[in-house]
Amino acid sequence: MIWEPRPVPAVTPETAPYWEAAADETLLLRRCTACELTFYYPRARCPDCLGDDVEWTEANGTGTVYAHTSTNVAAWPEDDLPLVLAYVELTEGPRMLTTLAECDADAIEIGTDVEVSFIPTESDDVSIPVFEPTDD
Ligand SMILES: [Zn+2]
């Protein structure tokens, strides 16, 4: 259930710092300095007040499973099934659509504690944040 290396996502000037930080095993979020909302995915304007005074902030990498599903049927990655998809609610508040790794798919529940880990891609400047259970 590692599925490595992952495909390289489309990196834009807006998201490059996020992917580069992930390659250094750091999860970055965006924070609006006007209304103090911390948000994900990374973008240039605050999704709440639409302000453009946003900064990068380092997440501590912990959260809980908000919702999840798994599949044993997929065209790829056929060797790394089941594929467990989840919304993880980060300690800082935002929810990330992600995959769970190093886990028993049947043991995942809403509220399971997870922490981030990073899976390499074929680009040295990009890694993919995924999450692993911490209390199994
Ligand atoms: Zn804002």
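Quick notes on this one:
- Odd one out for Thr99, checked against (1) at positive phi; (2) out of contact with any Asp or Glu (no Cβ under 7 Å at 6 or more places or on another chain): (1)
- Total residues in segment 22-34 satisfying the condition of being within 16 Å of the ligand (Cβ to nearest atom), within 19 Å of Arg95 (Cβ to Cβ) and free of Cβ contacts under 8 Å to residues at least 60 places away in the same chain: the figure is 3.
- Within segment 42-60, being of a type outside the set (D, E, K, R), free of Cβ contacts under 8 Å to residues at least 24 places away in the same chain and farther than 13 Å from Gly93 by Cβ holds for Cys46, Cys49, Leu50, Gly51.
- Contact annotation: residue pairs with Cβ atoms under 6 Å, 6 or more positions apart or on different chains, pairing a residue in segment 68-87 that is of a type in the set (A, V, I, L, M, F, W, C) with a partner that is loosely packed, with under 14 Cβ neighbours inside 10 Å and in a loop (DSSP other than H, G, I, E, B), are Leu81/Asn72; Leu83/Ala74.
- From the options Glu115, Glu102, Glu92, residue that is assigned to a loop (DSSP other than H, G, I, E, B), of a type in the set (Asp, Glu) and within 20 Å of Pro42 (Cα to Cα): Glu92
- The set of residues in segment 22-34 that are crowded, with 17+ Cβ neighbours inside 10 Å and in a loop (DSSP other than H, G, I, E, B) comprises Thr26, Leu27.
- Residue, surrounded by the fewest Cβ atoms within 10 Å (Cβ to Cβ), within segment 35-72, restricted to residues that are outside any loop (DSSP other than H, G, I, E, B) and within 9 Å of the ligand (Cβ to nearest atom): Phe39
- Here the condition is being more than 13 Å from the ligand (Cβ to nearest atom) and assigned to a loop (DSSP other than H, G, I, E, B); of Trp19, Trp76, it holds for Trp76 alone.
- Filtered residue count, segment 77-116, keeping only those that are surrounded by fewer than 18 Cβ atoms within 10 Å (Cβ to Cβ) and among the small types (Gly, Ala, Ser): 4
Bear in mind these aren't lab numbers, they're just calculated from the coordinates by the rules spelled out. Remember, it's a predicted structure, so these values are computed and weren't measured experimentally. Every residue, glycine as well, gets a Cβ built from its backbone with ideal geometry; the counts of neighbours run over all protein chains shown.
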